[in-house]
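The structure appears right after this line, and notes come after that.
The values are calculated or read from the model by the stated rules, or taken from the named source; none is laboratory data. Remember, it's a predicted structure, so these values are computed and weren't measured experimentally. Every residue, glycine among them, receives a Cβ derived from its backbone with ideal geometry; neighbour counts consider all protein chains shown. Calculation scope for accessible area: heavy atoms of the full protein, side chains included, ligands and nucleic acids excluded. Shrake-Rupley method; radii C 1.70, N 1.55, O 1.52, S 1.80 Å.
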Amino acid sequence: MPVDLSATEGVSAKHQRWPWWPMLPLYPYGRRRTVFSELIPGQLWSLEQLQGVYYVAVPVRLTVAKVPGGLMLVNPLPPTGEVLQAIANLEKQHGPVRTIVLPTASGLEHKLPLAPLARAFSDAEIWVCPGQWSFPLPLPLSWLGIPASRTRVLLEDGVPHPEVCQWLSLGPLDLGVGRFQEVSCLHQPSGALLVTDALVGIAAEPPSLFDLDPTPLLFHARERGVEPLKDSAEARRRGWARLVLFASYLRPELLDVPDFSAVIGDALRPGCRSGRAHFGLYPFRWKAGWQTAAASLMGDDAPRLQIAPVLERLVLPRARSAMEQWLQAVAKLKGLAWLVPAHYSAPLIFSAEQAVALLDSLALRDWAPNTKDWTFLANLDRQLLKRGVVPAEPEPPD
């Protein structure tokens, strides 16, 4: 689908300001540029921002769906002035925002913006995934600024817009500190399944969101911190491939972290004292073959559909059956044509046949592997399990 960048043209930094970023201090912190696009004509729209750590930034999406009498917002994002203006333009054509949906129990990047988004649309009904939790203190939703008088719980209190939406749950699963659960929505007029983290599709080309500021791509495209940030199509693709590896595995197998003296030595060289380049601090070295590892996660002709490795190895390592049951339910949905995740590419062509193919592929490979690029995730999971932070049996008994 063509991307419309008009929502960003002539927008001042003031209208991209997110004052509550210290509550979840992720890049790009207090300034959240947004790209608006139409996903399915007249039915679905996307508002994308970047989020990440140390320039390891990937797109995160708020989806707007046409429902009877107005609009439904799914997977909240920081409601900057830019975001509110884009939604206001849609309201002029399709009616007011009637519903705001937080379909995940654990997604902080969507949970924290819910309260200010709810205040911005004071007539909208709020629906949240069951089992909401906060850390380190278990606070009620009202203490997080979410209006109790107009908040409902998905599945427990019914579902919003059942005449055009079909809802199904992945989970619940016990994470130890809280619950993992995600309630996905088949928006029947568009044939699109709206998910949060359950599935993603990753393309080899960097998302257009980086056209607004390619710094994260250029930062990671380098081999050493002494190199300048040079912009080119090749550098952007190289930087994007490395970001995908970081975001997927946290510490991929073919990444070396040089010793502290080498990192500081590069940073102290002339010409490196730029905040944009983190003052020459670049604690990474890439081994030969990393391109092959990245290519296995990305699709050239179309985004590669997959279960995100972080989800599989850290959230669902002992809950394969939960993913299989969810895919089986997805495969039974009538009219399924598209997938719209909250991260990476959208919309993705996605039919019941593809859900079955993905399910079948799980039987042909190891679930939550322990070796190669998965090693760091596996070690982290084993440490959490050993310390009793996560349970050995996360699935509730039947």
| note | Among 169, 37, 321, the residue with the largest mean-square fluctuation in a Gaussian network model of the chain built from Cα contacts under 10 Å is 321
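Give the peptides 233-246, 345-358, 15-28 in descending order of average Cβ contacts within 10 Å, highest first. Intermediate results must be reported in sequence, preceding the final value.
Numbers: 233-246: 20.2, 345-358: 18.3, 15-28: 14.6.
Per-residue mean Cβ counts within 10 Å order the peptides as 233-246, 345-358, 15-28.
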| remark: The relative contact order of the chain, taking Cα pairs under 8 Å that sit 6 or more residues apart, comes to a percentage of 15 percent
| request: Using a 1.4 Å probe and ignoring any ligands, DNA or RNA, find the accessible area of residue 110 and quote it in Å² to the nearest 10. | output: 0 Å²
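When a/c is below 1.5 the answer is rounded, else prolate if a/b is larger than b/c, else oblate, so apply that to the stretch 148-256 with a ≥ b ≥ c taken from the square roots of the Cα gyration tensor eigenvalues. Before the final figure, lay out the partial values.
Values: a/c = 3.09, a/b = 2.10, b/c = 1.47.
Cα axes put the stretch 148-256 in the prolate bin.
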| Hz values of 3J(HN,Hα) by residue in the stretch 158-165 - Karplus curve (6.51, -1.76, 1.60), Gly and Pro given as x | x, 9, x, 6, x, 5, 10, 10
| request: Excluding residues on the same chain fewer than 8 positions from residue 372, give the lysines whose Cα lies under 29 Å from its Cα. | output: 287, 386
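If you roll a 1.4 angstrom probe over the protein chains with everything in place, what fraction of the accessible area of the stretch 130-172 belongs to carbon and sulfur, to the nearest %?
Numbers: 1500 of 2430 Å².
Exposed carbon and sulfur together represent 62 percent of the surface.
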| task | Report, ordered by chain and residue number, the lysines lying within cross-link reach of residue 66, taken as a straight Cα distance under 21 Å and ignoring same-chain residues fewer than 8 apart. | result | 92, 334
| field | Positive-pole candidate from 188, 99, 243, dipole of the chain, charges at beta carbon | value | 243
| Taking 0.36 nm per residue of separation and subtracting the Cα-Cα distance, what length does fully extending residue 229 through residue 88 add? | 47.0 nm
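When the accessible area of the stretch 1-110 is split by element with a 1.4 Å probe, what percent falls to carbon and sulfur? Mind dumping the intermediate values first?
Numbers: 2440 of 4200 Å².
Roughly 58 percent, rounded to a whole number.
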| said: Rolling a 1.4 Å sphere over the protein heavy atoms, what is the accessible area per residue of the chain, to the nearest Å²? | reply: 44 Å²
| query | What percent does the relative contact order of the stretch 309-359 come to when contacts are Cα pairs within less than 8 Å and at least six residues apart? | reply | 34 percent
| query | Could you work out Rg/(2.2 N^0.38 Å) for the chain, with Rg from alpha carbons only? | reply | 0.98
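Could you grab the relative contact order for the stretch 1-149? Cα pairs under 8 Å, six or more apart, rounded to a whole percent. Write down the numbers at each step before the final one.
Values: 268 pairs, mean separation 25.7, N = 149.
The normalised contact order for the stretch 1-149 reaches 17 percent.
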| note | Checked the stretch 1-141 with the C-alpha gyration tensor, a ≥ b ≥ c its square-rooted eigenvalues, rounded below a/c of 1.5, otherwise prolate if a/b is larger than b/c and oblate if not; verdict oblate
| GNM top mover of 69, 275, 52 - the chain, alpha-carbon springs below 10 Å | 275
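So what is the 222 nm mean residue ellipticity for the chain from helices alone, if each DSSP H run of at least 4 adds -39500 (n - 2.57) and you divide by all residues, rounding to the nearest 500 deg cm²/dmol?
Numbers: 10 runs with 97 residues, N = 398.
Value at 222 nm, helices only, nearest 500: -7000 deg cm²/dmol.
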| Considering only protein heavy atoms and a 1.4 Å probe, what is the carbon-and-sulfur percentage of the accessible area of the stretch 311-388? | 55 percent
